Structure formats: C-alpha cells, structure tokens
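Each reported figure results from applying straightforward, stated rules to the coordinates on display, with no laboratory input. Predicted model only: the values in this text are computed from it and were never measured. Here Cβ is always computed from backbone atoms with ideal geometry, including for glycine, and neighbour counts include all displayed protein chains.
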Amino acid sequence: MVSQSPFAALPATLAWQEDGLYLLDQTRLPQEIVVERISEVEEVWRWIHELRVRGAPAIGVAAAYGLCVAMQPLRHLSMQDFQVQLTQQASFLDSARPTAVNLSWSLKRMLRAAESSGAQDSAALYDVLVAEATEIHTEDQALCAGIGTHGLSLITPGCGVLTHCNAGALATTGVGTATAPIYMAHRQGVPFRVFADETRPLLQGSRLTAFELQRAGVDVTLITDSMAASIMAQGLVNLVIVGTDRVAANGDFANKIGTLSVAIAARYFGIPFYVACPSSTLDLLTANGAGIVIEERKDHEVTHVAGQPTAPVDIKVRNPAFDVTPHDLVTGFITERGIVQQPFDKNFAVLFASGGGAL
C-alpha cells in the first residue's frame, strides 16, 4: 500500500488500499476534504477529465491504478480476451486529457509490463498490473524528492519565489515538482517567501497551492495573476519555479495558461525562470512546442466563478487549459537527475540517454 501524504497536515492525493482506488476530490478544496473510492473505470476517466484529480504526475499514477480498476472485474476472462480489453481500456483512459504526457506514459508502461510479464492467466496478469501501478506510484514520490534535492540550492535566504498554478504535493503523490525545493528549503529552516498566482480560471493557485503551502507552514502570499509583473518590478521576486505537463525535446514546454506571461515578465526583469519536472514529463519524440496538443476546455469555466455567472450571456469565449513557453525563456529544468541547462535538446539527450522520459 502506498498512500501516505508527504505531510501530516495534507491529505494524500490518492491511495490504493484493499484492492481499491481512493481519490481526493480537488475541486472541493479548500472548503472540504473529500476522498471517494472509485470503483469503475468511467469514474476514473471522469475524475481526470473534470480535474478532480489533476497535475501531470498525479494523473499518471491515477491512470495506472485506473487501469487496474478497469481490469479487476475481468479476471475471469481468457488471457486473449483480457489482453484485448486491457488495450481498449488503456486507450479509453488515455483520452481523458490530451496535453499531460504522464497520462499516456504511464498507460504505455502498464501495457509493456503486461506484455513482458509471462503471466499464465488473467488473474496473474491483473496482479502484475497492480504491482506495476504501485511501482509507478512509489517512483513518483522518489522523483519528487530528487527534484527537491537538486533544486534546493536555488532557494537562498531572504529570496522571493513566484510559482504559477499548482505543481505541488496535490499535483503529485510526493512533495510536488515546483514545490519540492520549496518544501526542502522550508524543512532546513531557510527563510524565504513564496508568491502564488491565483491562476484563473479554475484558481488552482489560490485553492490548491496557497492551501497546501499554508498548511505546511510555508510563508506564502496569494496574488492575482495580473500582479506578477508588478511584484517583480518591486524587487520582491528573485526566482520563478513552475511545473509542466509536457516538455518537448528542444525545451519548449506546456504548462497552465498564464505561464508564458510570467516567463516573459521574468525575462524582462532578469529573474531566473526554472521548470521543475520528472523525466516522465519529457516528450523527447516531440521536437518542439508546435507539436504539443493544447486542451480546450468548456466556456463556463471562464464565464462562471463558484457557479455564479460573471460574464454576459452568449459571450464568445476562449479557454485553452495550457500555453506553450518557448525554451529560450527558460533558465533551466530541475529534474530528478540534476538541473538541465541550455542547449536543452543536447543536454536532455545526454542526461536521459540511459532511459527516462516519454521515449
């Protein structure tokens, strides 16, 4: 069983207990902490699609367990029929969200584990799937810790750190990606402060990042998205760390909408801009950002806040969930193997030549 939250003050993002998947409903935070057992694969798909579980690493782990949920009632099938269903269910789960590479990465890994297992019957193959999902879960926690170790030196006494959206413990099953160095510095007693963008339209910065940092005892200040450049101009920000849902081979990366604006402002004010990500978020088969599919979401996420309308009826709306930041605005990528600096295409290939990434 892998289920513990990295902090006593925070609920676990997800858990696999007694042959069942439990997910924290992040759309209910911070007002309510609600954990539900998910018993059908359609529910797993819906929870990922509706951002009830979100964050690239977390949805990768959730999808791996989701495949176990899908196959659990099918253990009576013949091996041939079980394998056909396995491929179909993996494809179904992969359709939940198009941008985050961890989703397809984890499902492909699950299929490879099944193919190479040598299992003699469907029940044994199901056990292989659960073991592989558990390993992906455990690895995610270790990857987050590695990112924290390599990014720790970037956070110096008295510095101000800006982050966008939520690349924290709630977006992973560990200490987060962008927040991993933050939590490690906090544990070591380094004095610093964090500015969290609220992150419209779904407010992951205010609902999730501010929530978890405050609960962990980190000095955090919530700001509106439009304030980022202003506080940079005031000299309050010395470092930007964000997460990512997909990184192309040249270092272009997709992250929550609004990240590009933060990167441009950071470049103007001469502030280092880092991206924290595990190797599973690298898509070295996609040459650049032009090849990253950007998810378009429903209009009501923009026209309504907390269920209340805030815009004229029938107004035209654009609602891309992500934007792509070009690699030349990035100072470096903080990974579990070290900080990757430019030229990213060559250095990614060198650092991850032995494996890793969505290859």
With springs only between Cα atoms under 10 Å, which of Q214, Q141, Q26 fluctuates most in a Gaussian network model of the chain? Q214
For region 319-331, take each phi angle, set θ = phi - 60°, evaluate the Karplus expression 6.51 cos²θ - 1.76 cosθ + 1.60, and give the result in whole Hz per residue in order, putting x for glycine and proline. 9, x, 6, 9, 10, 10, 9, x, 4, 6, 9, 9, 6
Part-to-part distance (alpha-carbon centres) for region 288-308 and region 168-198, which is given in Å: 26
Out of F333, F344, F269, any idea which swings most in a Gaussian network model of the chain, alpha carbons joined below 10 Å? F269
Cα centroid of region 319-335 to Cα centroid of region 254-284, whole Å: 4
Percent of Cα-Cα pairs more than 11 Å apart in region 51-96, please. 67
List S95, S104 from most exposed to least, where exposure is judged by having the fewest other Cβ atoms within 10 Å. S95, S104
For region 157-282, what is the percent of antiparallel DSSP beta bridges, rounded to the nearest 5? 10
So how do 48-54, 221-227 stack up, highest first, on mean other-Cβ count within 10 Å? 48-54, 221-227
Rounded to whole Å, sorted largest first: equivalent-ellipsoid semi-axes of region 151-213, Cα gyration tensor: 20, 13, 8
Give me the count of lysine pairs in the chain whose alpha carbons sit under 27 angstrom apart, restricted to pairs 8 or more positions apart or on different chains. 6
Tally the DSSP beta bridges in the chain and give the antiparallel ones as a percent, rounded to 5. 55
In Å³ per residue, the alpha-carbon convex hull of region 230-359 encloses 133
Can you pull the one-decimal nm distance between simple spin-label points at I294 and R267, each 7 Å off the Cα toward Cβ? 1.6
For region 233-323, share of DSSP beta bridges that run antiparallel, in % to the nearest 5: 60
Candidates D19, D252, D94: whichever shows maximal mean-square fluctuation once the chain is modelled as a Gaussian network with Cα springs under 10 Å: D19
Dipole magnitude of the chain about its Cα centre, charges +1 at Lys/Arg Cβ and -1 at Asp/Glu Cβ only, in debye to the nearest 20? 820
Using only C-alpha atoms and all pairs of different ones, pull out the Kirkwood radius for region 148-351 in Å with one decimal. 17.2
Scattering from the C-alpha atoms of region 14-145 alone, worked out with Debye: what is log10 I(q)/I(0) at q = 0.11, 0.18, 0.19 1/Å? -0.35, -0.93, -1.03
Taking the chain, the equivalent ellipsoid from its C-alpha gyration tensor has semi-axes in Å, biggest first, of 33, 23, 20
Determine the distance separating the Cα centre of region 36-59 from the Cα centre of region 87-147; give it in Å without decimals. 15
Residue separation times 0.36 nm, minus the C-alpha to C-alpha distance between R28 and R46: what's the value? 5.0 nm
